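Below is one structure, written out as structure tokens; the observations come after it.
The values are calculated or read from the model by the stated rules, or taken from the named source; none is laboratory data. Please read all numbers here as calculations on a predicted model, not as lab measurements. Note that we place each Cβ from the backbone using ideal geometry, even for glycine, and neighbour counts take in every protein chain shown. Each accessible area value is taken on the protein alone, full model and side chains, heavy atoms only, with ligands, DNA and RNA left out. Shrake-Rupley method; radii C 1.70, N 1.55, O 1.52, S 1.80 Å.
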Amino acid sequence: MGSLKVASIWRYPVKSMMGEELNACEMTEKGLLGDRAYGVIDNDTGKLANAKNPHKWPNMFQYRANFTVPPQKDAAIPPVRITFPDGRSMMSTDEEKDAILSKSLNRTVHLSTPSRMDVQFEGYIPREIEELDNKGSIFTRTSPEGTFYDIGMVHIITTSTINYLRRLAPESRIEPRRFRPNLIIEVPDRENFMENEWVGKTLTIGQVQLKVSQETKRCVMTTLAQGDLPKDLNVLKSIVRNNEGSFGVYASVVKTGKVSVGDSLELH
């Protein structure tokens with residue numbers, strides 16, 4: 001295996017909205033600084049709006065969020081600008097933000113930042129994928145304390161898995177953004193689901209150390225249309241058939257520091 005390096009860095013300022021690609025970012029104990037700093041809460045259920053349940057939130061991926069100024073360590077999280085599917089935008093500081101969001105999403109919601117209270121989210125298991133258990137059902141999970149994450153603080157995929165899935169599913173458009181990673185790691189000369197081998201190991205990127213905790217079980221989000229990518233159930237079907245539904249890994253942060261595109265990685 002050739003040398004590993006950081007190919008790209010992604011942050012999603014608002015849970016389940018499109019995010020922003022970065023050249024560098026601080027890695028904090030709770031993942032990339034500013035990642036999932038905001039979430040949309042359904043007033044009726046108290047649960048997070050989440051593209052994992054497209055029946056309730058059918059067009060979350062048509063919303064885009066970006067910070068107006070870069071977040072800084074040990075400072076308050078700055079406001080975000082949310083751009084709507086119709087091209088209009090609003091700031092998270094707008095007094096009418098909740099009313100505007102509610103009208104656009106067609107549900108009564110409010111924009112929030114993580115608190116110490118438990119927050120839950122729902123997901124839908126697609127009926128059309130034969131190999132999945134509990135097809136057509138809705139599940140509920142709880143985010144890690146004080147976050148709007150699904151499971152892990154950092155989500156990692158490799159160019160190895162992307163290229164391998166492209167070969168396994170040539171009729172589908174396999175693009176990294178379908179998988180909403182934080183880090184994409186460049187792995188030369190390999191095509192397989194290599195992150196499976198990383199579980200339990202530590203990734204070192206300069207000062208930063210990430211402990212790989214588990215494989216990422218994929219869900220209906222990978223099949224949804226976003227930007228110019230079409231809806232495509234074959235993406236998830238191919239992952240389920242070829243790797244038991246896993247694609248990428250979650251990691252926790254052991255040592256904090258700065259991560260930049262082009263940084264070398266060590267795995268041990």
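Output wanted: per-residue J couplings in Hz (rounded whole) for region 202-218, from phi through Karplus 6.51 cos²θ - 1.76 cosθ + 1.60, θ = phi - 60°, x for Gly and Pro.
Here the 3J(HN,Hα) series is 10, 9, 10, 10, x, 7, 6, 10, 10, 9, 6, 9, 6, 5, 8, 6, 7 Hz.
Need the C-alpha centroid separation for region 245-268 versus region 7-38, integer Å.
13
Taking K and R as +1 and D and E as -1, what net charge do the other residues with C-beta under 11 Å from the C-beta of Val254 add up to?
+1
Quick one: net charge around Tyr164, please, counting Lys, Arg +1 and Asp, Glu -1 for every other residue with C-beta under 10 Å from its C-beta. Let's see the in-between values first.
Values: positive: Arg166, Arg167, Arg190; negative: Glu191.
Cβ neighbours under 10 Å give a net charge of +2.
Roll a 1.4 angstrom probe over the protein heavy atoms and tell me the percent of accessible area of the chain that is carbon or sulfur.
44
Take the alpha-carbon positions of the chain, form their convex hull, and give its projected area averaged over all directions (one quarter of the hull surface) in nm².
13.7
Pull up all non-local amide H partners of Val254: gap of 5 or more, or a different chain, and H-to-H distance under 5 Å with H placed in the peptide plane.
Result for Val254 returns Gln209, Leu210, Lys211.
Distances longer than 19 Å among the Cα atoms of region 132-268: what percent of all pairs is that?
53
Mind checking the alpha-carbon convex hull of region 89-193 and giving the volume per residue in Å³?
Here the figure is 181 Å³ per residue.
What order do you get for 142-149, 53-60 when each peptide is scored by the mean count of other beta carbon atoms within 10 Å, highest first? The partial results should precede the final answer.
On the way: 142-149: 17.1, 53-60: 18.8.
The peptides rank, most packed first, as 53-60, 142-149.
Cβ under 10 Å from Met60's Cβ, Met60 left aside: what net charge do those residues give with Lys, Arg +1 and Asp, Glu -1?
+3
Quick one: what do you get for region 6-81 if you divide its Cα Rg by 2.2 N^0.38 Å?
1.17
Taking the solvent-accessible surface of protein heavy atoms with a 1.4 Å probe, what is the per residue accessible area of the chain in Å²?
About 46 Å² of surface per residue is accessible.
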